[in-house]
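Peer 1: First the structure, then my questions, so here it is.
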Amino acid sequence: MHTMDHSYTSMPEPLQCTGSMDSRELRFSRAMIFAVEEINNSSYLLPGVTLGYQVHDSCNSVPMAVKVAFQLANGLDPMFDTGEQCSGSATVTAIIGESASTPTISMLRIIGPLGIPQVSHSSTCACLSDKKQYPTFFRTIPSDQFQAAALAHLIRHFGWTWIGAVRSDSDYGNNGMAAFLQAAQEEGICVEYSEAFSLTNPLSRVQRVADVIRSSTAWVVVAFVSSWDMRILLREMDRLPSPPRQWIGSESWVTEPDMLRFGLCAGAIGFGIKRSVIPGLRDFLLDLSPQKVSNSPMLTEFWEGAFGCRLGKGVGVEEKVCDGSEDIQQLQVPYTDTSQLRVTNMVYKAVYAIAHAIHSIVCEERENSTVNCDKNLHVKQTQVLERLRRVNFSRNGYQVSFDANGDPVATYELVNWQRRESGKMKFVTVGRYDASLAPDQRLDIEKEITWVKNSTQVPVSVCSESCPPGTRKAIRKGKPVCCYDCIQCGEGEISNNTDSSDCLICPEEYWPNAERDRCILKPVEFLSFHEVLGIILTACSVGGACLAIATATIFYRHRTSAIVRANNSELSFLLLFSLTLCFLCSLTFIGRPSEWSCMLRHTAFGITFVLCISCVLGKTIVVLMAFRATLPGSNVMKWFGPPQQRLTVVSFTFVQALICTLWLVLSPPFPIKNLTTYKEKIILECDVGSAIGFWAVLGYIGLLALLCFVLAFLARKLPDNFNEAKFITFSMLIFCAVWITFIPAYVSSPGKFTVAVEIFAIITSSFWLFFLLFVPKCFIILFRPEKNTKKHLMEKTSNDIRY
């Protein structure tokens, strides 16, 4: 490599182009000349006015582009003659170019302050849309800002969220990739790596980028790279075996025919400038003869390079001299390839945009539709700049206009690299992208895409698999947002979408299904007549009531017998009636709670049990009074005869009825939906309303039971045959034990089992009272009738008294 000596003691060497000529760039310049000649021959655009031009080769070099900018700004070089004498200054009116963004930026730093408009056909850097820095810049190719958004849209469309990115280390690559990364972030796309390189970097740098691509986990690679840089990278990728990658290309290389030779990019997709047709251009490009070529240094260089011969006399003995047999029609180079006129059409449109701007200055249309142009009018660059902002015309079916940033409407073709049956690759347009449409209508896939490995299935490129409904994403610590674990939604939560970031809490009366992707109504639970527990308790309740009624029937049929008369038949019948009600009141606790059932169940239970205990208490007092009356001089039974016994029962029951009435009036029980005991179901139950009222009812029952127990205990040693005190004592003892045990069981039992515990306590205590007080008597009546006589009872009593 030649190193320049910058000692500043001598004149620097003249700048010269190195390397071979880019025939694609030559085609662009020839397309400009074709458009100029077409305009000069036009009868409607600038009639009578001849446009001149200069063509300079910047060699894709910033120093050379700067040199050309100075020459054009100063007007030092004469214009090439186009066949007629051109009048006016040699200073240019407008500039078309450059192809690359970095040389364009360098030129604009020089010509921009002078007000010289520059229209580029291929500089796509989004930075050039900044009118504060580049007020004189226009372009006929869309800005990379639109291409970056289109690429992000494309990637998101196919569900790729984990990608790699490589870019040219230039204004084109750096600014384009910056715009893409911002758009990708907005689309929720994560980038595993972002590497930059350029043609001038050491080979080790390119090798490192290739190694990163090979070792990455991202299947999709976005390459915002110039065609020159991409060739270097793909050569390096070809050098060693590389895993298949789905390439997403920028327009700079994805529609470059020369790139099709890289088979590892088969299936690549990317956005390119719309392919177009320019009538007459191919004939113009191929209309070259050795004589015409020899008049242009650029064409001469191209001709000699393409055919490997020298025009004129050879300077060396071994050099071949062009003999005129060279046929450009048979030449297969980018210059002659007009099958993909994409950027070439941008050159064509740029020339016409400038021509229309000049036309609006020097020409005016008269009433008879004739156009009169003043070819001697001096056109200022600032005038052309101003008119360029307002151009709006159509050429060959393509609209040309500029927005406030000097950019055209962004429309692209989606290009796919597909293999022919012969194995060669070809460009296939599979879709369109129009930035002027609504976001959801911009991308239109028209044909089937062939992906990497010649597959028709869309490849998958994600850091983590999608989280199904019922789960949420949990970002892995220190990783991008696209790398996450799928965590099942918590209790009471659902997610009904794929890749949910958060789970939703179900409404109060709903609960997640097993998959936790839908809220369903919680099942309603209450003690039902149809379930096993409800059936058992109902059977026990009805069975107990039937036994009590059957016993009452037996007692009634034997009401004149000694044992029935000796045990206070009136209180016995009342006790059996109250026991029947006690058994049946438990039925009010079963079934769906309602306002009436909630009020009835507790009041009915409280009143019937007090009636029952009052009867037992009355029988206990009768036993005590009866044996007190056997003592000499005792007259106590007249104070506790049948009227007093009835009054005692009614009085005790009235007190409970009064408590229940106050309870129902002030704060009655009511049905509620218990949502706290079980999260997954609703318990229908009765709220007691007033806890004081509830415990007052139970407390009063307990007080009477305790009083009955104490009196029965005092009478336990009285004569057996007349004495029920032992049975009453034992029954009250069990009754109290049942209800004392009931309290903690009632408080701790969940849901419908709370009701079941209360029913169990009612039935159990009722059965014990029934069995202890009536079963022995029924046994004697039915199976020991010989003991059911007054004589037997009196004899037993006499023996007990003597003893």
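The values are calculated or read from the model by the stated rules, or taken from the named source; none is laboratory data. These figures come from a predicted structure and were not determined experimentally. Because the Cβ atoms are built from the backbone with ideal geometry, glycine has one as well, and the counts that use them run over all protein chains shown. Ligands, DNA and RNA are stripped out before the accessible areas are found, and what is left, the full protein with its side chains, is counted by its heavy atoms. Shrake-Rupley method; radii C 1.70, N 1.55, O 1.52, S 1.80 Å.
Peer 1: Using the Kirkwood radius built from alpha carbon pairs, what does the Stokes-Einstein equation give as D for the stretch 403-537 at 25 °C and 0.890 mPa s, in µm² per second?
Peer 2: Numbers: Rh = 20.6 Å.
Calculated translational D: 119 µm²/s.
Peer 1: Normalised by the empirical 2.2 N^0.38 Å for globular proteins, what value does the Cα Rg of the chain take?
Peer 2: 1.90
Peer 1: So who's got an amide H within less than 5 Å of the one on residue 95, skipping anything under 5 residues away but keeping other chains? H placed 1.01 Å off N, in plane.
Peer 2: Result for residue 95 returns 118, 119.
Peer 1: In addition: P(r) for the stretch 571-611: what percent of alpha-carbon pairs falls in each 10 Å bin, starting at zero?
Peer 2: 32, 47, 18, 3
Peer 1: Next question, about the same structure. Grab the other residues whose beta carbon is less than 15 angstrom from that of residue 289, score K and R as +1, D and E as -1, and report the net.
Peer 2: Numbers: positive: 30, 292; negative: 283, 287, 304, 323, 326, 327.
That sum, taken over residues with Cβ under 15 Å, equals -4.
Peer 1: Could you pull out the GluC sites (Glu not before Pro) across the stretch 294-379 that fall in loop regions by DSSP (anything but H, G, I, E, B) with no more than 15 other Cβ atoms inside 10 Å? Provide the component values of the computation, followed by the final result.
Peer 2: Numbers: sites: 301, 304, 318, 319, 326, 364, 365, 367; in loops: 318, 319, 326, 367.
Answer in residue order: 318, 319, 367.
Peer 1: Expressed as a whole percent, how much of the Cα-Cα distance distribution for the stretch 219-356 exceeds 27 Å?
Peer 2: Value for the stretch 219-356 (Cα pairs over 27 Å): 42 percent.
Peer 1: Separation between the residue 687 and residue 157 pseudo-spin-labels, each 7 Å from Cα along Cα→Cβ, expressed in nm?
Peer 2: Roughly 5.8 nm, to one decimal.
Peer 1: Using Cα atoms only, what is the angle between the long axis of helix 62-74 and the major principal axis of the chain, expressed in degrees (0 to 90) to the nearest 10?
Peer 2: The answer is roughly 60 degrees.
Peer 1: Would you work out what percent of the accessible area of the chain, with all protein chains in place, is carbon or sulfur (probe 1.4 Å)?
Peer 2: Result for the chain: 57 percent of the exposed heavy-atom area is carbon or sulfur.
Peer 1: A follow-up question, please. For the chain, what does -39500 (n - 2.57) per DSSP helix run (n ≥ 4), summed and divided by total residues, give at 222 nm, in deg cm²/dmol to the nearest 500?
Peer 2: Computed mean residue ellipticity for the chain: -14500 deg cm²/dmol.
Peer 1: Let me ask something else. Can you find, among 191, 536, 343, the residue farthest towards the positive end of the dipole of the chain? Put +1 on the C-beta of Lys and Arg, -1 on that of Asp and Glu.
Peer 2: 536
Peer 1: Determine the relative contact order of the chain: mean sequence separation of Cα pairs under 8 Å and six or more apart, normalised by residue count, in whole percent.
Peer 2: Relative contact order for the chain comes out at 9 percent.
Peer 1: Further, regarding this structure: Do me a favour and compute the ellipsoid semi-axes for the stretch 126-246 from its Cα gyration tensor, root of five times each eigenvalue, largest one first, whole Å.
Peer 2: Its equivalent ellipsoid spans semi-axes of 26, 19, 10 Å.
Peer 1: Suppose all protein chains stay in the model; what accessible area per residue would a 1.4 Å probe give for the chain, in Å²?
Peer 2: 49 Å²
Peer 1: Just want the answer: with Cβ charges of +1 for Lys and Arg and -1 for Asp and Glu, which residue in 215, 254, 471 is farthest toward the dipole's positive end in the chain?
Peer 2: 471
Peer 1: Any chance you could look up the accessible area of residue 229 with a 1.4 Å probe, heavy atoms only, rounded to 10 Å²?
Peer 2: 10 Å²
Peer 1: Here is a follow-up. Could you list, in their original order, any pairs among 67/349; 349/380; 349/375; 473/752 whose Cα atoms are separated by more than 28 Å? Mind showing how you got there, number by number?
Peer 2: Values: 67/349 26 Å; 349/380 21 Å; 349/375 23 Å; 473/752 38 Å.
Table pairs above 28 Å Cα-Cα are 473/752.
Peer 1: Among DSSP bridges having both ends in the chain, what percentage is antiparallel? Round to the nearest 5.
Peer 2: About 60 percent, rounded to the nearest 5.
Peer 1: Right, here's the next one. Could you state the angle between the C-alpha long axis of helix 203-215 and the longest principal axis of the C-alpha atoms of the chain, as a value from 0 to 90 degrees rounded to the nearest 10?
Peer 2: The two axes meet at around 30 degrees.
Peer 1: Nearest 10 degrees is fine. How inclined is helix 569-585 to the longest principal axis of the chain, computing both from alpha carbons?
Peer 2: 10 degrees
Peer 1: Follow-up. Show me 259-268, 160-169 ranked by packing, highest mean number of other Cβ atoms within 10 Å first.
Peer 2: The densest-packed peptide leads the list: 160-169, 259-268.
Peer 1: Rounded to the nearest 20 Debye, what is the dipole magnitude of the chain about its Cα centre when Lys and Arg each give +1 and Asp and Glu each give -1 at the C-beta?
Peer 2: Value, rounded to 20: 6040 debye.
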